[in-house]
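Peer 1: Sharing a structure with you now.
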Amino acid sequence: MYEELYASIPDPDAYLARVGLTRPAQPDLDFLNRLVYAHQQRVIFENLDSCLYRKPVSLEIPRLYEKVVVQHRGGFCFELNALFTQLLRDLGYTAWGCMVRLLRKKDFVPPIRHRGNLVELEGRLYFCDVGYGGPMPPGAVEVADGGRLEAHGEAYWIRRADPYWWSLYRSTHTGEAEEMLRFFTVPQNEVDFVVLSDFCSTSPESIFTQKPFLNRRTGSGSRSILGDTFIRVENHVSTATVMQTQEEFFRILKEEFDLEAPL
């Protein structure tokens, strides 16, 4: 019943071409960092199937490949990180998904509603994420107390939160430390994410069914849509524009996110 959740990527080289890379000579940390960064720029975080088109979201690898690689779409965390994890495996990495609590700008303990990735390399464990609709590490961060990544003008680090959970922090452009999320490292099976994905993509209580969320990294910042607002960040300077019409929304999807709409 769930076999397609564990299928191989139909064409790993086509997937790599989608993000502007070619197959590495060996699966090492340098390529992992380049792959994460390229993926964040080329594959959009977007929830249009859930909030706009009311289409079912599948985590089956062949269907994700068709959506992301063939149709040049994006997806939300359970889609993008599932496909990315399988790509890593097919390239020779030891990788699995992990459960995540998103803590940014929250003063309470939220339920688990996010998926990240863990990669084991040369006896060390790394956290990476290509499916978060906001600031995220531009590479892999070592899962160790004080594990740190400084790249592309950004800084992220990890601290142990308790015996079971690890916290990911970032340094904001004002120099403040911001806790982004918490995760645990117990390997999860792909089937473990199906119910969470179904809730987030179909429930009226989920933010993803209520309004559009899109995000992509750029070389100098990011582009985002939150509801009816388009946000452009350039060198830490943010400008926001309220989109007045559906035509304006579709134009921004094309010009800023390389998404043809309606889909």
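The values are calculated or read from the model by the stated rules, or taken from the named source; none is laboratory data. None of these values were measured; they are calculated from a predicted model. Cβ coordinates were reconstructed from backbone atoms using ideal geometry, including for glycine residues, and neighbour counts include every protein chain displayed. Accessible surface is based on the protein model in full, side chains and every heavy atom, while ligands, DNA and RNA are left aside. Shrake-Rupley method; radii C 1.70, N 1.55, O 1.52, S 1.80 Å.
Peer 1: Being over 16 Å from Glu154 (Cβ atoms) and part of a loop (DSSP other than H, G, I, E, B) is the filter here, so list the residues in the range 124-139 that pass it.
Peer 2: Answer for the range 124-139, where residues must be over 16 Å from Glu154 (Cβ atoms) and part of a loop (DSSP other than H, G, I, E, B): Gly131, Gly133.
Peer 1: Let me ask something additional. Of the residues Asn81, Asn47, only one is buried (at least 22 other Cβ atoms within 10 Å of the Cβ), of a type outside the set (Phe, Trp, Tyr) and out of contact with any helix residue (DSSP H, G or I) (no Cβ under 8 Å at 6 or more places or on another chain); which? Walk me through it before giving the result.
Peer 2: On the way: Asn47 fails: out of contact with any helix residue (DSSP H, G or I) (no Cβ under 8 Å at 6 or more places or on another chain).
Result: Asn81 is the single residue among Asn81, Asn47 that is buried (at least 22 other Cβ atoms within 10 Å of the Cβ), of a type outside the set (Phe, Trp, Tyr) and out of contact with any helix residue (DSSP H, G or I) (no Cβ under 8 Å at 6 or more places or on another chain).
Peer 1: Restricting to the range 1-28, what's the tally of residues that are in contact (Cβ under 8 Å) with a residue 40 or more places away in the chain, part of a loop (DSSP other than H, G, I, E, B) and either closer than 17 Å to His72 by Cβ or open to solvent by 60 Å² or more (accessible area, probe 1.4 Å) (or both)?
Peer 2: Summing the residues that are in contact (Cβ under 8 Å) with a residue 40 or more places away in the chain, part of a loop (DSSP other than H, G, I, E, B) and either closer than 17 Å to His72 by Cβ or open to solvent by 60 Å² or more (accessible area, probe 1.4 Å) (or both) in the range 1-28 gives 7.
Peer 1: For the range 140-184, enumerate the residues that are outside any strand (DSSP E or B) and within 30 Å of Asp49 (Cα to Cα). Show your work before the answer.
Peer 2: Start the filter on the range 140-184 by keeping residues that are outside any strand (DSSP E or B), which leaves 140, 143-147, 152-153, 161-165, 172-176, 184.
Hits for the range 140-184 are Ala140, Phe184.
Peer 1: Going by what's in this entry, would Glu120 be described as buried (at least 20 other Cβ atoms within 10 Å of the Cβ) and within 23 Å of Phe183 (Cα to Cα)? Don't jump to the end; show me each part of the working.
Peer 2: Numbers: buried (at least 20 other Cβ atoms within 10 Å of the Cβ): no; within 23 Å of Phe183 (Cα to Cα): yes.
No.
Peer 1: When you go through Tyr164, Tyr126, Tyr169 one by one, which is the residue that is more than 22 Å from Phe84 (Cβ to Cβ), touching an Asp or Glu at 6+ places or on another chain (Cβ under 6 Å) and not charged (D, E, K, R)?
Peer 2: Working: Tyr164 fails: touching an Asp or Glu at 6+ places or on another chain (Cβ under 6 Å); Tyr126 fails: more than 22 Å from Phe84 (Cβ to Cβ).
Matching residue, one of Tyr164, Tyr126, Tyr169: Tyr169.
Peer 1: Next question, about the same structure. Find all pairs meeting these conditions: Cβ atoms under 7 angstrom apart; at least six residues apart or on different chains; first residue within the range 208-220 and farther than 16 Å from Ile44 by Cβ; second residue among the acidic types (Asp, Glu) and part of a strand (DSSP E or B).
Peer 2: Filtered contacts from the range 208-220: Ser220/Glu234.
Peer 1: If Ile231 satisfies all but one of (1) surrounded by fewer than 18 Cβ atoms within 10 Å (Cβ to Cβ); (2) out of contact with any strand residue (DSSP E or B) (no Cβ under 8 Å at 6 or more places or on another chain), what's the number of the condition it fails?
Peer 2: Result: Ile231 passes all but (2).
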